[in-house]
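The next block holds one structure in the form of structure tokens; read it before the comments.
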Amino acid sequence: MVRLIENPTTIAAAGNMPKRIEEYVRRVNTSTDQLSIARMKSSPGWEEPGQTPEFDEFTLVLAGMLRVETKTAVLEVHAGQVVHVSAGEWIRYSTPEPEGAEYISVCLPAFSPHMVHRDS
């Protein structure tokens, strides 16, 4: 079967300011829990709480810079680079640069709010 996904579903994002999440593949648009694919656009200065997700996340930065903090390192992921975060790893994402960032996120299995385990 071949399916065209014409439009993403916009979903709310966690963090200190608005971030646009356009989800193309996941439970809402495609009824799949195998993986999720979303395009994100975050403002300069955006940051979200730390989290320890139950899924692997692969993030391709299209524009700007995405900062990824772990318990042992801080990575600055620039346009054209990918970061892979393994399930069970504590991380915190932010976009501190003046241009913010645009990126594609792929999660295996699919992202789910009850699987992300954000810090309180």
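The values are calculated or read from the model by the stated rules, or taken from the named source; none is laboratory data. Given the structure is predicted, the values throughout are model-derived calculations rather than measurements. When we count neighbours, we look across all protein chains shown, and the Cβ atoms used for this are built from the backbone with ideal geometry, even at glycine. Please note that ligands, DNA and RNA were not included when accessible areas were found on the heavy atoms of the full protein model with its side chains. Shrake-Rupley method; radii C 1.70, N 1.55, O 1.52, S 1.80 Å.
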| 11 Å beta-carbon shell around residue 64, net charge (K/R +1, D/E -1) | -2
| task | Under 1.5 on a/c is rounded, so check that first for the range 71-120, then, if it is not, pick prolate when a/b is larger than b/c and oblate when it is not; a ≥ b ≥ c are the square roots of the alpha carbon gyration tensor eigenvalues. | result | prolate
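Could you tell me what percent of the accessible area of the chain is made up of carbon and sulfur, with a 1.4 Å probe and every protein chain present? Display every interim value, and only then the final one.
Numbers: 3450 of 6530 Å².
Carbon with sulfur: 53 percent of the solvent-accessible area.
Give the shape of the range 2-73 as rounded, prolate or oblate, defined through the alpha-carbon gyration tensor: a ≥ b ≥ c are the square roots of its eigenvalues, a/c under 1.5 means rounded, and otherwise the shape is prolate if a/b is larger than b/c and oblate if not.
Prolate is the answer for the range 2-73, as a/c is 1.5 or above and a/b outweighs b/c.
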| task | Would you mind calculating the relative contact order of the chain from Cα pairs under 8 angstrom and at least 6 residues apart, reporting the percent as a whole number? | result | 31
| note | Candidate cut points under chymotrypsin sites (Phe, Trp or Tyr not before Pro) in the range 67-120, DSSP loop plus at most 16 other Cβ atoms within 10 Å of their own Cβ, are 90
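Sum up the charges of everything whose Cβ sits under 15 Å from the Cβ of residue 44, counting Lys and Arg as +1 and Asp and Glu as -1, but leave residue 44 out. Kindly include the intermediate steps, with their values, before the conclusion.
Working: positive: 19, 20, 41, 67; negative: 47, 48, 76, 97, 99, 102.
Surrounding charge for residue 44 is -2.
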| query | Given DSSP loops and a limit of at most 12 other Cβ atoms within 10 Å, what is the longest stretch of the chain that contains no such trypsin sites (Lys or Arg not before Pro)? | reply | 4-70
| query | the chain: D in µm²/s via Stokes-Einstein (Kirkwood Rh, Cα pairs, 25 °C, 0.890 mPa s)? | reply | 170
